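Q: Got a structure for you, written out below as structure tokens; questions coming shortly.
The values are calculated or read from the model by the stated rules, or taken from the named source; none is laboratory data. Since this is a predicted model, take the numbers as computed values, not measurements. Cβ placement follows ideal geometry from the backbone for every residue including glycine, while neighbour counts extend to all protein chains displayed. Heads up: the accessible areas ignore ligands, DNA and RNA and are worked out on the full protein's heavy atoms, side chains in. Shrake-Rupley method; radii C 1.70, N 1.55, O 1.52, S 1.80 Å.
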Amino acid sequence: MTLNPTCVAISGGVGGAKLALGLSHVLSPPDLAIVANTGDDFEHLGLAICPDLDTVMYTLADLSNKELGWGQEGESWAFLAALERLKGETWFRLGDRDLATHVLRSEMLRRGGTLSDATTFLCQALGIRHALIPMSDDAVPTLVRTGNGTRLAFQHYFVRDRCSPVVKGFEFEGVETARPSPGFRNVLGAGRLSSIVICPSNPFVSVDPVLAIPGVMDAINRASAPLIAVSPIVGGAAIKGPAAKMMKELGMPQTALAVARHYVGRVDGFVLDLVDKDYAFEVEALGMQVLVTNTMMRSLDDRIALARDVLGFAERIQRKVT
């Protein structure tokens with residue numbers, strides 16, 4: 001199926017999924033495509049695990065555990081308890097309901113299907129009407145370079161080691177030969193495209209893997225639609241996850257301005273929270289247009305309001321471009 005959306009949203013996990021949900025309430029299914037980071041995908045217990053992709057999928061299906069931010073609501077843990085009795089690896093918490101997703105996906109991949117095929121199948125089974133697309137059907141695992149010189153698979157750093165190692169950098173293994181998924185290529189070339197939105201996600205491990213895939217930035221630059229990033233750092237703290245800790249260890253200020261500097265030359269518009277409004281002039285000096293609004297999405301109404309604000313911002317930038 002050929003997709004021709006007006007908006008493409010690029011999302012990591014929890015924070016990005018919140019805005020993706022808001023956009024899905026504002027835009028009809030033909031008008032929105034959501035591209036999820038797959039750099040944190042990994043194989044565990046023989047299963048293909050896609051944490052960011054699944055977080056977005058469960059959020060769109062209204063199945064997500066809103067308290068934890070990951071996994072499914074009403075989860076049970078009988079499988080994990082049995083695994084622990086057998087002395088298996090239990091550091092990555094696989095719930096019983098979540099396990100069904102991984103088993104089906106892994107079986108489809110073993111039979112020769114692509115990650116795009118499996119994602120489409122799962123989304124249709126869950127009644128999701130908006131397009132959810134993996135960034136690539138090729139494996140592009142994120143590796144974390146640590147202070148002691150080792151490289152850790154991202155989930156080992158993030159979940160098993162609870163972000164405790166000092167971060168010195170990141171690598172996206174195999175990215176040089178990876179290709180955007182067919183759906184991703186398709187939506188970036190859509191004739192109706194009027195906005196590309198980077199949802200508030202970790203710039204290093206949720207967004208950079210997506211933009212690093214060969215051909216992605218070229219396609220974005222060819223599009224007439226502006227690329228807009230919503231800051232994941234508000235008031236010097238990460239809305240969710242280890243972004244602020246990573247920035248400190250990389251020698252960067254833990255500010256929304258530092259995130260904007262990270263995106264210089266790639267992003268046309270940058271969205272700041274109200275508490276960071278004093279950075280607006282400095283962000284504009286970097287060559288980006290700025291929107292200052294409430295980005296703290298505590299409720300569904302907040303998610304929808306931010307989605308409307310971002311789309312309106314894109315429309316104003318688009319008018320200036322054209």
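Q: Leu272 fails exactly one of the following numbered conditions: (1) free of Cβ contacts under 8 Å to residues at least 60 places away in the same chain; (2) closer than 19 Å to Phe184 by Cβ; (3) crowded, with 18+ Cβ neighbours inside 10 Å; (4) of a type in the set (A, V, I, L, M). What is the number of that condition?
A: (2)
Q: Also: Can you tell me which condition Ile49 does not meet? The list is (1) free of Cβ contacts under 8 Å to residues at least 60 places away in the same chain; (2) closer than 15 Å to Thr119 by Cβ, and all the others hold.
A: (1)
Q: Of the residues that sit in the stretch 283-322 and are among the β-branched types (Val, Ile, Thr) and in a helix (DSSP H, G or I), which one is surrounded by the most Cβ atoms within 10 Å (Cβ to Cβ)?
A: Applying the filter and picking the extreme gives Val310.
Q: Which residue pairs have Cβ atoms under 9 Å apart, sit 6 or more places apart or on different chains, and have a first residue in the stretch 240-259 that is farther than 17 Å from Pro165 by Cα and touching a residue at least 24 places away in the same chain (Cβ under 8 Å) and a second that is among the acidic types (Asp, Glu) and open to solvent by less than 30 Å² (accessible area, probe 1.4 Å)?
A: Partner pairs satisfying both residue conditions: Thr255/Asp276; Ala256/Asp273; Ala256/Asp276; Leu257/Asp276.
Q: Quick one: which residue in Gly22, Gly16, Gly39 is under 30 Å from Ile220 (Cα atoms), in a loop (DSSP other than H, G, I, E, B) and open to solvent by less than 20 Å² (accessible area, probe 1.4 Å)? Spell out how you get there, then give the answer.
A: On the way: Gly22 fails: in a loop (DSSP other than H, G, I, E, B); Gly16 fails: in a loop (DSSP other than H, G, I, E, B).
Just a single option satisfies the conditions, and that option is Gly39.
Q: In the list Leu94, Leu99, Leu83, which residue meets the criterion of being surrounded by fewer than 16 Cβ atoms within 10 Å (Cβ to Cβ) and either part of a loop (DSSP other than H, G, I, E, B) or out of contact with any Lys or Arg (no Cβ under 6 Å at 6 or more places or on another chain) (or both)?
A: Exactly one residue qualifies, and that residue is Leu83.
Q: Given the criteria buried (at least 20 other Cβ atoms within 10 Å of the Cβ) and touching a Ser or Thr at 6+ places or on another chain (Cβ under 6 Å), does Val259 qualify?
A: yes
Q: Next question. Tell me the residue from Pro209, Pro226 that is in contact (Cβ under 8 Å) with a residue 40 or more places away in the chain and farther than 21 Å from Leu3 by Cα, please. Reasoning before the result, please.
A: Details: Pro226 fails: farther than 21 Å from Leu3 by Cα.
Matching residue, one of Pro209, Pro226: Pro209.
Q: Return the residues of the stretch 127-186 that are open to solvent by 70 Å² or more (accessible area, probe 1.4 Å), closer than 18 Å to Glu43 by Cα and part of a loop (DSSP other than H, G, I, E, B); say none if nothing qualifies.
A: Within the stretch 127-186, Ala139, Glu173 meet the criteria.
Q: If you check every pair at least six apart or on different chains, which have Cβ atoms under 9 Å apart with a residue in the stretch 12-28 that is under 18 Å from Pro209 (Cβ atoms) and touching a residue at least 12 places away in the same chain (Cβ under 8 Å) first and a residue that is among the aromatic types (Phe, Trp, Tyr) and open to solvent by 10 Å² or more (accessible area, probe 1.4 Å) second?
A: Every condition considered, the pairs that remain are Gly13/Trp70; Val14/Trp70.
Q: For the stretch 206-231, which positions are under 14 Å from Asp52 (Cβ atoms) and open to solvent by less than 10 Å² (accessible area, probe 1.4 Å)?
A: Result: Val207, Pro209, Val210.
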